[in-house]
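Peer 1: My questions all concern the structure below.
The values are calculated or read from the model by the stated rules, or taken from the named source; none is laboratory data. Keep in mind that what you see is a predicted model, and the values were worked out from it rather than measured. We place every Cβ from the backbone using ideal geometry, glycine too, and count neighbours over all the protein chains shown.
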Amino acid sequence: TAVYPFFGEHQSGIVTPAQDRLHFASYDVADISRDELVELLQDWSAAAALMTQGEQAGKFGAVNGNYDAPPDDTGEALGLPASGLTITFGFGPTLFQAADGTDRFGIAGRRPAALVDLPHFPADMLQDALSGGDLCIQACSDDPQVAVHAIRNLSRIAFGRANIRWSQLGFGRTSSTTKAQQTPRNLFGFKDGTANIKAEDTGVVDDQVWASGGDGAAWMAGGSYLVSRKIRMTIETWDRTSLREQEAVIGRTKGEGAPYSGGTEFSEPDFSATGQGGAPLIAQDAHVRLSHPDQNSGAQLLRRGYNFVDGNDDLGRLNAGLFFIAYQRDPREQFIPIQMNLAKNDAMNEYIRHVGSAVFAVPPGARQGGYVGETLF
Ligand code: HEM
């Protein structure tokens with residue numbers, strides 16, 4: 001199975017081929033000092049460097065430590081390979097400046113301008129308990145046990161310093177981030193990730209994904225900005241909708257994933273193509289028209305989301321949807337205008353509800369032996 005580096009110019013888990021499973025956690029930092037925060041980040045990086053290489057967390061692991069102390073590693077990944085594990089850390093706006101304006105860690109002046117508080121979008125139904133956070137960890141792996149083990153051990157290491165605010169399990173990727181991967185499907189049954197930014201398009205990645213030193217915050221050079229949105233899908237309503245309507249909403253065919261204007265999966269959509277009576281083949285309110293760079297001043301996103309089913313609600317409907325994750329160079333130029341366009345006009349809105357939201361600055365990767373965040377402190 002795959003093993004990805006922890007140290008490097010960029011953090012892994014962004015252009016890395018999207019793994020099959022996700023455990024994502026957002027944390028609130030306790031009342032600790034700046035030095036203690038730095039220590040937490042150092043401890044997290046040290047453990048992440050081990051676990052991503054298929055090793056146990058801590059010096060003595062699960063069974064070789066002091067017999068009368070709790071083990072360094074919780075043990076459930078013993079004997080499992082790295083399974084493509086990546087651990088990606090991010091810093092939320094409230095790490096830089098608390099809601100009441102206090103500068104807990106002396107970093108308010110270093111908050112990147114691009115790390116904005118997201119605006120309220122039309123029809124947002126956000127729950128506070130599913131939104132925000134001072135720190136985040138995205139753990140992706142091809143084995144769910146390995147992803148959960150990572151979040152569990154990092155949460156344990158953070159005990160007394162940071163605690164989980166909300167977390168999300170994802171069970172099927174809804175994007176491809178490399179050309180070699182097959183396009184997966186989301187819970188609407190459609191191929192998702194066809195027109196995503198792919199790692200091989202290095203020019204686009206440099207232009208649209210990585211922050212540069214000249215963007216305003218020099219410490220973010222080689223980093224990126226992560227927007228997560230927990231999007232509930234009202235799949236029972238969707239499942240009673242005709243195939244014709246479903247395809248019109250997306251603007252692509254369900255089987256092949258080809259644009260409604262013709263061709264095959266990877267053909268470019270032709271938004272000017274018309275059918276009988278002069279109506280556009282790809283409707284004005286189709287999701288792929290409204291999210292396409294042509295409609296958004298060239299802005300693109302690297303999407304890296306996952307399907308979720310969190311049991312069911314009290315009406316017997318599956319609590320299902322898409323945990324949307326997008327990486328970008330500047331949310332002010334990318335996620336925000338695209339989502340504003342979608343929230344106002346997308347035909348898909350009838351079948352979805354945004355219930356959680358967060359934004360994080362994802363710093364560059366750490367130098368060998370260093371820690372993620374070292375350029376900030
Ligand atoms: C494309 C589904 C939410 C941005 C697509 C495609 C599907 C899809 C099926 C076409 C295949 C592809 O190119 O990947 C969904 C579903 C969503 C959702 C089911 C919610 C449950 C969002 C959100 C955004 C977004 C919130 C950003 C604000 C995009 C973009 C494209 C796309 C940028 C590519 C457009 C292009 O370049 O052709 N989505 N999407 N989507 N979506 Fe979404």
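Peer 1: Would you list the strands (runs of 3 or more DSSP E) that sit entirely within segment 134-236 and hold 3 or more residues that are within 12 Å of the ligand (Cβ to nearest atom) and not aliphatic (A, V, I, L, M)?
Peer 2: Values: elements: 135-141, 162-170, 224-233.
Result: 224-233.
Peer 1: Checking the condition aromatic (Phe, Trp, Tyr), under 17 Å from residue 13 (Cα atoms) and touching a helix residue (DSSP H, G or I) at 6+ places or on another chain (Cβ under 8 Å), which residue from 190, 171 passes? Please lay out each step first, then the result.
Peer 2: Numbers: 190 fails: under 17 Å from residue 13 (Cα atoms).
Answer to the check: 171.
Peer 1: Among 69, 46, 30, which is in contact (Cβ under 8 Å) with a residue 24 or more places away in the chain and more than 27 Å from residue 304 (Cβ to Cβ)?
Peer 2: None of the other options fit; the residue is 30.
Peer 1: While we're on this one: Can you go through 373, 305 and tell me which one is over 19 Å from residue 231 (Cβ atoms) and modelled with pLDDT of 95 or more? Spell out how you get there, then give the answer.
Peer 2: On the way: 305 fails: over 19 Å from residue 231 (Cβ atoms).
So the residue among 373, 305 that is over 19 Å from residue 231 (Cβ atoms) and modelled with pLDDT of 95 or more is 373.
Peer 1: Okay, moving on. Just checking, does segment 312-319 include any residue being in contact (Cβ under 8 Å) with a residue 40 or more places away in the chain, touching an Asp or Glu at 6+ places or on another chain (Cβ under 7 Å), assigned by TED's automatic domain parsing to the domain that holds residue 122 and within 24 Å of residue 284 (Cβ to Cβ)?
Peer 2: Within segment 312-319, not a single residue is in contact (Cβ under 8 Å) with a residue 40 or more places away in the chain, touching an Asp or Glu at 6+ places or on another chain (Cβ under 7 Å), assigned by TED's automatic domain parsing to the domain that holds residue 122 and within 24 Å of residue 284 (Cβ to Cβ).
Peer 1: Something else now. Checking the conditions here, which among 127, 181 is in the same structural domain as residue 342 (by TED's automatic domain parsing), farther than 27 Å from residue 319 by Cβ and at pLDDT 95 or above? Lay out the reasoning, then the answer.
Peer 2: On the way: 127 fails: farther than 27 Å from residue 319 by Cβ.
It is 181.
Peer 1: Hey, can you tell me all the residues within segment 54-77 that are of a type in the set (Val, Ile, Thr) and surrounded by 15 or more Cβ atoms within 10 Å (Cβ to Cβ)?
Peer 2: Taking segment 54-77 first, the residues of a type in the set (Val, Ile, Thr) are 63, 74.
Scanning segment 54-77 gives a single hit, 74.
Peer 1: Can residue 266 be described as under 18 Å from residue 301 (Cα atoms), of a type in the set (Phe, Trp, Tyr) and assigned to a loop (DSSP other than H, G, I, E, B)? Before the answer, list the steps.
Peer 2: Working: under 18 Å from residue 301 (Cα atoms): yes; of a type in the set (Phe, Trp, Tyr): yes; assigned to a loop (DSSP other than H, G, I, E, B): yes.
So residue 266 fits the description; yes.
Peer 1: It is to be established whether one or more residues within segment 110-128 are of a type in the set (Phe, Trp, Tyr) and assigned to a helix (DSSP H, G or I).
Peer 2: For segment 110-128, residues of a type in the set (Phe, Trp, Tyr) and assigned to a helix (DSSP H, G or I): absent.
Peer 1: Shifting gears a bit: I'm trying to understand the selection: among the residues of segment 344-365, which are of a type in the set (A, V, I, L, M) and under 21 Å from residue 168 (Cβ atoms)?
Peer 2: Within segment 344-365, the subset of a type in the set (A, V, I, L, M) is 347-348, 352, 355, 358-359, 361-362.
Selection gives 348, 352, 355, 358, 359, 361, 362.
Peer 1: What are the residues in segment 200-216 that are surrounded by fewer than 20 Cβ atoms within 10 Å (Cβ to Cβ) and either in contact (Cβ under 8 Å) with a residue 24 or more places away in the chain or of a type in the set (Val, Ile, Thr) (or both), if any?
Peer 2: Applying the first criterion (surrounded by fewer than 20 Cβ atoms within 10 Å (Cβ to Cβ)) to segment 200-216 yields 200-204, 206-207, 212-216.
Selection gives 202, 204, 207, 212, 215, 216.
Peer 1: Please find, among 270, 330, 294, the residue that is over 23 Å from residue 171 (Cβ atoms), under 18 Å from the mean Cα position of the chain (by Cα) and acidic (Asp, Glu).
Peer 2: On the way: 270 fails: under 18 Å from the mean Cα position of the chain (by Cα); 294 fails: under 18 Å from the mean Cα position of the chain (by Cα).
Criteria check complete, one pass: 330.
Peer 1: Let me ask something else. Out of everything in segment 285-307 that is under 18 Å from residue 359 (Cβ atoms) and among the charged types (D, E, K, R), what residue ends up being farthest from the ligand (Cβ to nearest atom)?
Peer 2: 304
Peer 1: Could you say whether any residue in segment 20-38 is among the β-branched types (Val, Ile, Thr), within 23 Å of the chain's Cα centre (by Cα) and in a loop (DSSP other than H, G, I, E, B)?
Peer 2: From segment 20-38, those among the β-branched types (Val, Ile, Thr) are 29, 32, 38; that's our starting set.
This time we only want the ones that are within 23 Å of the chain's Cα centre (by Cα), so: 29.
With the extra rule that they be in a loop (DSSP other than H, G, I, E, B), the set shrinks to none.
No.
Peer 1: Going residue by residue through segment 355-374, is there one that turns out to be in a loop (DSSP other than H, G, I, E, B), out of contact with any Gly (no Cβ under 8 Å at 6 or more places or on another chain) and within 12 Å of the ligand (Cβ to nearest atom)?
Peer 2: For segment 355-374, residues in a loop (DSSP other than H, G, I, E, B), out of contact with any Gly (no Cβ under 8 Å at 6 or more places or on another chain) and within 12 Å of the ligand (Cβ to nearest atom): absent.
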